[in-house]
Amino acid sequence: MASVVHRCRVLVIGTGFSGLGIAIQLRKRGRDDFILLEKAHEVGGTWRENTYPGCACDVPSHLYSFSFEPNPGWTQMWSGQKEIFHYLLGLVDKYDLRPNIDFGQKTTGGYWDGEEQRWHIRTESGDEFVTQFVVSGIGALHIPNFPDLPGRDTFEGAAFHSAQWDHDYDLRDKRVAVIGTGASAIQFVPEILGEVAELQIYQRTPAWVTPRMNFDIPAGARRLFGRVPLARRMFRAAVYWIHESVVLGFNGHPRLIRPIEDVAKWNLDKSITDPDMRRKLTPSYSIGCKRILGSDDYYPALNSPKTQVITEGIAEIRPDGIIAGDGTEREVDAIIYATGFHVTDGFESIDFTGIDGRHLAGEWAEDGIQTHLGITVAGYPNAFFLLGPNTGLGHNSVVFMIESQIRYVLELMDEIDRRGAASAVVRPSAQHEFNSEIQRRLARGVWSNGGCVSWYLDSSGVNRTIWPGSTVRYWRATRSVDLGDFEFSPG
Ligand SMILES: Cc1cc2nc3c(=O)[nH]c(=O)nc-3n(C[C@H](O)[C@H](O)[C@H](O)COP(=O)(O)OP(=O)(O)OC[C@H]3O[C@@H](n4cnc5c(N)ncnc54)[C@H](O)[C@@H]3O)c2cc1C
């Protein structure tokens, strides 16, 4: 098939919260000359991909949604995947975004043409998109990570990742192994327990689990939120500040999050009576070092006589079972990998070539990921990242971060237009200052000192994922573009 060249002013990669969020704001501002590229055949990102039983957000829905697109009708405090997915689909219809989306277009990379002052972005299909601005909204949790276990490919039963749930596979009366005990496993384990004959849970590190106490939002409250926007805004604000209040505890004042650790310990003690099991499930690191999980039915599921928690590691996978680190062989019919995603290396999945032929993926692999505010990179004009490096959160909704970034990017685009310039590129000094500052902050945070190894860290043990501070601080840092941080090139 002949490749096609398309032209636009703004090219957005991805159609999750990030891509759709900026597309809505571009539409609202009448900047209609934009295209979204999506490798899949539907929008939704995380909420399209993760369809495992029990999949839900772990930040309350009124906060885990756009402030500029509130949904007074959330049915539960923490909504399930279907409801969040439908919220995003509804936004696509409301803003008539489908005509702007090119589905089945996996972006592979692109280069900046300094003379033309344009990006040339390629897709796997061979198409080329020539654009003034490129915005990456590819997310951090979209490339499933499979552990490198000896014999993994020899397994003859069913095997799938939690983010690629095989709904055609009937789990009824099967012996099922779950590898991993993070945020996804904790949600689906209680859901599948009733169906399976046997559940073997392979745990490397236990999570701190607090009670969640999810509840249906009463119809009366939903009506109130619909009719009185102030009531909904106050509710959202209350949820926001409750989450924000723990931030000091994460950032160098561990005493302040100890009460949450006490609640998690109490939850464990009251739920698990077998001392051996309790020992296995007690984390040896400080709460917050890894994502804190909330569940009311995970521990009860582990109490079931059908469930075994295996903490000896995995030595080998055989065609019909798993050999644990202590040599015990257990037969299984299916293996579910709840082993997370390629996070820091996922940022490098698109190969951008900037000024003077610089390669972003190569630079980041060699020197570690460096950006300014997680949004822009020195040497790569007019290229922006949403939910980029060091802007993930352990304590609050990332949608707040995405919104801050969208505002910042649009302000910079407006400034470029206002000056009649063609491009802006962040100064290396600004980027350097930002990275030194966040690494200094990260060094004293619970992620570095809490005694755990988490997916927040890259292969060198450096945290390239988490924003080390309050979201208020990030909001302040991005609320208006410091024009001195940028060099503008004439149009
Ligand atoms: C199960 C689960 C629950 C979560 N719950 C919460 C929560 O409660 N609170 C919270 O703050 N965060 C949560 N997160 C984190 C979540 O990923 C973010 O909140 C948010 O959904 C990220 O949105 P995004 O648009 O940046 O990325 P994504 O949702 O990952 O979307 C990225 C999109 O880009 C597309 N894409 C990727 N690469 C390419 C390419 N090369 N070319 C073209 N298209 C591409 C993908 O197909 C996808 O559609 C959760 C994550 C998971 C997995």
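Between D153 and D417, the contour length at 0.36 nm per residue exceeds the alpha carbon distance by 89.7 nm. A straight line joining the Cα centroids of region 337-384 and region 447-479 runs 16 Å. For the chain, the equivalent ellipsoid derived from the alpha-carbon gyration tensor has semi-axes of 38, 26, 23 Å in decreasing order. Per the Kirkwood formula applied to alpha carbons, region 344-423 shows a radius of gyration over Rh ratio, Rg over Rh, of 1.00. Working from Cα pairs under 8 Å separated by at least six residues, relative contact order for region 31-185 is 25 percent.
The trypsin sites (Lys or Arg not before Pro) of region 423-491 that meet both conditions, a loop assignment by DSSP and at most 16 other Cβ atoms within 10 Å of the site Cβ, are R444, R479. At full extension, R233 and D102 could sit 43.7 nm farther apart than now, given 0.36 nm per residue minus the alpha carbon distance.
Listed by number, the DSSP H helices of the chain that run 30 Å or longer by alpha-carbon position along their axis and have mean Kyte hydropathy of at least -1.0 are 398-419. Expressed as a whole percent, the accessible surface of region 344-416 that belongs to carbon and sulfur atoms is 48, based on a 1.4 Å probe. Of all beta bridges that DSSP places with both ends in the chain, some 40 percent have antiparallel geometry.
Over region 239-294, with every protein chain in place, what whole percent of the accessible area is carbon and sulfur at 1.4 Å, could you tell me?
That fraction is 59 percent.
Counting only Cβ charges, +1 for Lys and Arg and -1 for Asp and Glu, the dipole size of the chain around its Cα centre is about 2120 debye.
Under 15 Å of direct C-alpha separation, and excluding same-chain neighbours fewer than eight residues apart, K28 reaches these aspartates and glutamates: E69, D93, D96, E403, E411, D414.
Report relative contact order for the chain in percent, whole number only (criteria: Cα-Cα under 8 Å, sequence separation at least 6). Could you put the intermediate results ahead of the total?
Values: 970 pairs, mean separation 93.8, N = 491.
Reported relative contact order: 19 percent.
Residues whose amide H falls under 5 Å from that of K290, counting only those 5 or more places apart or on a different chain, are absent, with hydrogens built in the peptide plane. Cysteine residues of the chain whose C-beta has no other cysteine C-beta under 4.7 angstrom: C8, C55, C57. Each stretch of four or more DSSP H residues adds -39500 (n - 2.57); spread over every residue of the chain, this sum gives -9500 deg cm²/dmol at 222 nm.
The mean accessible area for residues of region 259-400, using a 1.4 Å probe and ignoring ligands and nucleic acids, is 37 Å² per residue.
Classify region 188-286: rounded, prolate or oblate, from the alpha-carbon gyration tensor (a ≥ b ≥ c, eigenvalue square roots; a/c under 1.5 rounded; otherwise prolate if a/b is larger than b/c)? Mind dumping the intermediate values first?
Numbers: a/c = 3.08, a/b = 1.42, b/c = 2.16.
Note, shape of region 188-286 comes out oblate.
Share of carbon and sulfur in the accessible area of region 1-67 stands at 51%, probe radius 1.4 Å. GluC sites (Glu not before Pro) within region 184-252: which are DSSP loop residues with at most 16 other Cβ atoms inside 10 Å? Here the GluC sites (Glu not before Pro) that fit, given the DSSP loop and packing criteria, are E195.
Across region 249-327, the relative contact order, built from alpha-carbon pairs under 8 Å that are at least six residues apart, equals 20 percent. For region 1-50 versus region 133-173, the inter-centroid distance based on Cα atoms is 25 Å.
Counting only chymotrypsin sites (Phe, Trp or Tyr not before Pro) that DSSP places in a loop and that have at most 12 other Cβ atoms within 10 Å, the longest clean stretch of the chain runs over 216-491.
Among the trypsin sites (Lys or Arg not before Pro) in region 1-63, those placed in a DSSP loop whose Cβ has at most 14 other Cβ atoms within 10 Å are R29. The heavy atoms of L483 offer some 60 square angstrom of accessible surface to a 1.4 angstrom probe. Annotation: lysines with alpha-carbon distance below 24 angstrom to K174 (same-chain offsets under eight excluded): K306. For region 1-122, the solvent-accessible area with a 1.4 angstrom probe is 39 square angstrom per residue.
The values are calculated or read from the model by the stated rules, or taken from the named source; none is laboratory data. None of the values given here were measured: they were computed from a predicted structure. Cβ: placed from backbone, ideal geometry, glycine included. Neighbour counts: every protein chain shown. Ligands, DNA and RNA are stripped out before the accessible areas are found, and what is left, the full protein with its side chains, is counted by its heavy atoms. Shrake-Rupley method; radii C 1.70, N 1.55, O 1.52, S 1.80 Å.
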